[in-house]
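Since every read-out is calculated from the coordinates, none of them should be taken as a lab result. Nothing here was measured: the structure is a model prediction, and the numbers come from that model. Cβ sites come from the backbone with ideal geometry, for glycine too, and all protein chains shown count toward neighbours.
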Amino acid sequence: MDMINRPRRLRSCDTVRRLCRETRVSPDSFIYPIFVDESISGRTPVEAMPGQFRWGLDSVCEPVRECIEAGVRSCMLFGVPSHKDAVGSAAWAEDGVVQRAVRIIKENFPDFYVMTDVCLCEYTDHGHCGKLDGCTVDNDATLELLARVAVSHAAAGADMVAPSDMMDGRIGFIRAALDKNGFENIPIMAYSAKYASGFYGPFREAAGSAPSFGDRRGYQMDMHNRREAIYETELDIDEGADIIMVKPALSYLDIIRECRDAFDKPLCAYSVSGEYSMIKAAAAAGFIDEYRVMCETAVSIFRAGAGMLITYYAKELAEAARKGEIG
Ligand code: PBG
């Protein structure tokens, strides 16, 4: 047969396939979300997310140790407070759950990189991401509160803050507050293109943050929009975002690619709770091979253009990367 081009030549064995991989991933690429619950000791399973837990302050070092063993060097911390009120004041308390957890983790593992989620929905009694004005979130009044949260996290020793609230102008406001308080070297990871998504369902059980009325469409993005993601991200960069993020990941691979092509900032993707739970549930039913699908979805996110990934599979994926099964 007269045929010069045979792509299969480079697929003939594992070694040559690995040499020819276009997408490279390493254990350094993964960030593990950790839920700290002020009201418990030990750990409580998150029912909708098999294998995930809320951790008490007495045991928050355990998931960190597991991360380090697996080669994961950073986490995203979420707090579950024992007290909620209309403005979410527990979110910026000096002895709040995240602030205490950060101090404990950094004392025990100074090199472990701790990022904190900056939002109010876990701390407000109505479950929305800011201060209410009637039935909507008051954007400008909320900025002041978010800035307090970010500064309190930095004061506790957080290495990076990650605002996930989607208020307008928050990145600039938080940057100014951090700088004013002497935290000019603390970077901001901006949840820039964060969509109103059904995929957050299991997280809201884990973090106890479901809104008590309405939904988050008044501040999170509409799933139909692509150009708006560029606009949102551009604003965050102008206001001082150090890292930009697209969230969720799997249904928004096109947005990840658009942002990668449009901007030069480091780009993070967040593979959210529903993405994890779908794989877990399908695997538990015997419909798919969990390990393969976990690897395939993660690689697709990096192939789309993400440089780092927040995922509940961080430890397993870091191991897979270490073995060269991905990356
Ligand atoms: C807080 C926040 C949410 C998630 C991360 N930060 C929930 C939401 O916006 O409703 C979702 C993470 C996940 O689903 O894994 N605002």
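Figures for the structure shown
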read-out: For the stretch 48-54, 3J(HN,Hα) per residue [Karplus equation, 6.51 cos²θ - 1.76 cosθ + 1.60, θ = phi - 60°, Hz, x = Gly/Pro]; value: 6, 10, x, x, 10, 9, 9
read-out: Arg54 long-range amide H proximity, modeled H, under 5 Å; value: Thr44, Val46
read-out: Only Lys, Arg (+1) and Asp, Glu (-1) charged, at Cβ; the chain dipole about Cα centre in debye; value: 1340 debye
read-out: Ala196/Asp85 FRET efficiency (R0 22 Å; Cβ-Cβ; nearest 0.05); value: 0.35
read-out: Three-way shape call for the stretch 185-327 based on the alpha-carbon gyration tensor, with the a/c threshold at 1.5; value: oblate
read-out: Full-stretch length increase - Asn108, Arg226 - with 0.36 nm per residue and alpha-carbon distance subtracted; value: 38.2 nm
read-out: Sum of side-chain charges, Lys315 neighbourhood, beta-carbon under 10 Å (Lys, Arg +1; Asp, Glu -1); value: -4
read-out: Percent of C-alpha pairs per 5 Å bin, the stretch 116-182, short to long; value: 3, 19, 32, 24, 14, 6, 2, 0
read-out: Chymotrypsin sites (Phe, Trp or Tyr not before Pro) within the stretch 186-243, DSSP loop, no more than 12 other Cβ atoms inside 10 Å; value: Phe213
read-out: Given the chain, longest segment not containing exposed loop GluC sites (Glu not before Pro) (DSSP; at most 13 other Cβ within 10 Å); value: 185-327
read-out: Alpha carbon centroid spacing (whole Å) that separates the stretch 284-327 from the stretch 128-153; value: 35 Å
read-out: Gap separating the Cα centres of the stretch 58-105 and the stretch 161-227, nearest whole Å; value: 18 Å
read-out: Evaluated at q = 0.28 Å⁻¹: base-10 log I(q)/I(0), Debye formula over Cα of the stretch 6-46; value: -0.98
read-out: Local net charge near Phe112, Cβ-Cβ under 10 Å (Lys/Arg +1, Asp/Glu -1); value: +1
read-out: The stretch 118-135 - phi-based ³J(HN,Hα) in whole Hz, Karplus 6.51/-1.76/1.60, Gly and Pro as x; value: 9, 7, 10, 5, 6, 10, 8, 6, 9, x, 8, 8, x, 7, 8, 10, x, 9
read-out: Globularity index of the stretch 39-99, i.e. its alpha-carbon radius of gyration over 2.2 N^0.38 Å; value: 1.25
read-out: Sites matching chymotrypsin sites (Phe, Trp or Tyr not before Pro) across the stretch 250-327 that sit in DSSP coil, with at most 10 neighbouring C-beta atoms within 10 Å; value: Phe287
read-out: Cleavage-rule hits, trypsin sites (Lys or Arg not before Pro), the stretch 278-323, DSSP coil, Cβ neighbours within 10 Å at most 11; value: Lys323
read-out: Dipole magnitude of the stretch 1-125, debye to nearest 20 (Cβ charges: Lys/Arg +1, Asp/Glu -1, about Cα centre); value: 1140 debye
read-out: Convex hull projection area averaged over all views, the stretch 67-157, Cα basis, nm²; value: 6.1 nm²
read-out: Bins of 10 Å from zero: percent of alpha-carbon pairs in the chain; value: 6, 26, 36, 22, 6, 3, 1, 0
read-out: The chain: angle of helix 227-239 to the longest principal axis, Cα-based, in degrees nearest 10; value: 60 degrees
read-out: Rg [Å, one decimal], Dmax [Å, integer] - the stretch 81-228, C-alpha atoms; value: 15.0, 44
read-out: Ellipticity estimate at 222 nm from DSSP helix runs (n ≥ 4, -39,500 (n - 2.57)) divided over the chain, nearest 500; value: -11500 deg cm²/dmol
read-out: Rg(Cα)/(2.2 N^0.38 Å) for the stretch 1-129, N = residue count; value: 1.54
read-out: Segment Asp168-Ser39, length gained on full extension (0.36 nm per residue, minus Cα span); value: 43.2 nm
read-out: Summed residue charge, Cβ within 10 Å of Ala147's Cβ, Lys/Arg positive, Asp/Glu negative; value: +3
read-out: Principal-axis tilt of helix 139-156 within the chain, Cα atoms, nearest 10 degrees; value: 80 degrees
